[in-house]
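Inspection log for the structure reproduced underneath, given as structure tokens.
The values are calculated or read from the model by the stated rules, or taken from the named source; none is laboratory data. Since this is a predicted model, take the numbers as computed values, not measurements. As a convention, Cβ positions derive from the backbone with ideal geometry for all residues, glycine included, and neighbour counts pool all protein chains shown. Note: areas computed on protein heavy atoms with side chains; ligands, DNA, RNA excluded. Shrake-Rupley method; radii C 1.70, N 1.55, O 1.52, S 1.80 Å.
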Amino acid sequence: MNKRELFAMLPSVDEVLGQEKIEKLLNDYPRSLVLEGIREVIDVNRKKIVDIKDEKEAERFSLTMEMVVNDSIESVKRKYALSLKKVINGTGTVLHTNLGRSLISEKIKDELWTAASRYSNLEYDIEKGERGSRYVHLTETIKRLTGAEDVLVVNNNAAAVMLVLSTMAKGGEAIVSRGELVEVGGSFRIPSIMALSGADLVEIGATNKTHLKDYENAITENTKVLMKVHTSNYRILGFTESIGVSELVELGKKHDLPVIEDLGSGVFIDLSKYGLDYEPTVLDSINRGADIVTFSGDKMLGGAQAGIIVGKKKYISQMKKNQLTRALRVDKLTICALEATLRMYLDENTAVENIPTLKMITMQMDELEKKAEKLYEEIKELNLDADVHIEDCMSQVGGGSMPLETMKSKAIAITPNHMNVAALERKLRLSDAHIIARIYDNKYVLDVRTIFEDEFAEIKRELEKAFL
Ligand SMILES: *Cc1c(COP(=O)(O)O)cnc(C)c1O
């Protein structure tokens, strides 16, 4: 066939539009997208014909109306799909910043949907019949859980730190240990946030050691706050010394200076009972006398993205008046998700059982073994052209929390016999299920800790396709 004959095989847009399957597609998708999809498919095929170099290639070219229709349908569906979509987390990293950090409990989906789709008393006092405050919905529960006098919630913890410094240290100096000048997630750096807030940073001590006298010597008439930052994503080992909150508070009292602590991850329960390292809880910080404590809503707390500020009423009242608060305010979905998550903490077992982050972090070995066994059995049925077995692995908490904390876990390790392991990883990542996992030692490793059991069937289906 010559090129002219080949070009003649290309259908017109109208011909494709007239096909039954496309007419059906128009019931569910916008016409503009359907047209765009069809045009694209025709264009791709036109280019293919243009690129044909000889008779042999021309022979191989084939195009039917069915192919054009099916490709167009695929293209339209791809265009219409949301960009933000579900993935399967096979990495074992529980607070995976790239994969959405904390997961909100399914238990609260009705409350969340009602808050989203119906009017609410977001800023309305039902008792008095007048305007209210959006912050009251979280105040009582957080006060109860932390023992703090007052509470304010903003967009995230970075915003919380900025608001606190802008309110309490603007135009003055904030003293921070050099060993605590952390960078979190590439864009949040304590020194930069401090600069933005208008406070001058006074770094003290050496990288590995800071003594109480370093703080004391740095205090001048410009000092506004003493600040402590939890070094959530790294740790200095060896000869180290840092000053605890209690000692800072004592020093603060002596000089009439407030102490603020950025805890990073807000932990409400002592996780050492579940075999993890002890992390200071928010209650501990308050009990030790910190005037203001800030933490994230979606790290270890396991709720929605938010920055929670707790502490002395006199400072929180000033923050509420700061114009920044309006710019950093949380929306109703966040308030609803946080309130419903925090309520679960009133009973520790309920929290550990129902908050996905806590459940995954505290998952015990027998449960991980059972989960791995179940997934292994599913995959074994496929008789893949690969070596498949269960193996030990290490999961991480992640999210810049508990840097050294790894947890023994179980994984399914797959080594294809006739496929590159990187090619397998790519196929599964690009599949409809979007499986994200690690490659380790030439094995494709699925850590079962962060995989939900109702995702096993999807994994099985995609593995089967990947090996076809
Ligand atoms: C994670 C973290 C932050 C930033 O919190 P976001 O909620 O991500 O804004 C700030 N400080 C510390 C110590 C952290 O660990």
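Each label point is 7 Å from the Cα along the Cα-to-Cβ direction; what then is the distance between the points at Ala457 and Lys107, in nm?
For Ala457 paired with Lys107, the spin-label model returns 2.5 nm.
Quick check: at a probe of 1.4 Å, how many percent of the accessible area of segment 106-349 sits on carbon and sulfur atoms?
Answer for segment 106-349: carbon and sulfur cover 48 percent of the accessible area.
At a 10 angstrom cut-off on C-beta neighbours, averaged per residue, how do the peptides 342-352, 138-148 rank from highest to lowest?
138-148, 342-352
List the relative contact order of segment 106-349 as a percent without decimals, with contacts defined as Cα pairs under 8 Å and 6+ residues apart.
Across segment 106-349, relative contact order equals 26 percent.
What number comes out for accessible area per residue over segment 224-369 if the probe is 1.4 Å? Units Å², please.
42
Past 18 Å, Cα to Cα: identify those pairs from Lys86/Lys359; Lys170/Lys314; Lys109/Lys143; Lys143/Lys313, in the order given.
Exceeds cut-off: Lys86/Lys359; Lys109/Lys143.
Compute the distance from the alpha-carbon center of segment 314-367 to that of segment 289-311, in whole Å.
8
Just check segment 253-364 against the gyration tensor rule for me: Cα atoms, a ≥ b ≥ c as the square roots of the eigenvalues, rounded for a/c under 1.5, and otherwise prolate or oblate depending on whether a/b exceeds b/c.
oblate
Amide H neighbours of His96 under 5 Å, counting only residues 5+ apart in sequence or on other chains, H built in-plane at 1.01 Å?
Arg101
Helix 136-146 versus the longest principal axis of the chain: what is the Cα-based angle in degrees, 0 to 90, to the nearest 10?
So the helix axis and the longest Cα principal axis differ by about 70 degrees.
Once amide H atoms are built 1.01 Å from N in the peptide plane, which residues 5 or more positions from Ala386, or in another chain, come under 5 Å H to H?
So Ala386 has HN proximity to Asn417.
Quick one: which of 48-55, 446-453 comes out on top by average Cβ neighbours within 10 Å, and what's the full order, highest first?
Output ranking for 48-55, 446-453: 446-453, 48-55.
Note down the magnitude of the dipole of segment 249-318 about its Cα centre, charges +1 on Lys and Arg C-beta and -1 on Asp and Glu C-beta and zero elsewhere, to the nearest 20 debye.
300
Given the DSSP H assignment, sum -39500 (n - 2.57) over each helix run of at least 4 residues in the chain and divide by its residue total; what's the result at 222 nm in deg cm²/dmol, nearest 500?
After summing the helix terms and dividing by the residues of the chain, the value is -12500 deg cm²/dmol.
Over the chain, with a single point scatterer placed on each C-alpha, what log10 of the ratio I(q)/I(0) does the Debye formula yield at q = 0.06, 0.10, 0.13 1/Å?
Scattering profile of the chain, log10 relative to I(0): -0.39, -0.88, -1.17.
Taking only C-alpha pairs under 8 Å that are 6+ residues apart, what is the relative contact order of the chain in percent?
The value is 18 percent.
Checking the table Lys79/Lys443; Lys56/Lys460; Lys24/Lys48 against a 30 Å threshold on Cα-Cα, which pairs fail?
Lys79/Lys443; Lys56/Lys460
In nanometres, what is the gap between the two model label sites at Arg4 and Lys321, each 7 Å from Cα along Cα-to-Cβ?
Label-label distance for Arg4 and Lys321, simple model: 8.6 nm.
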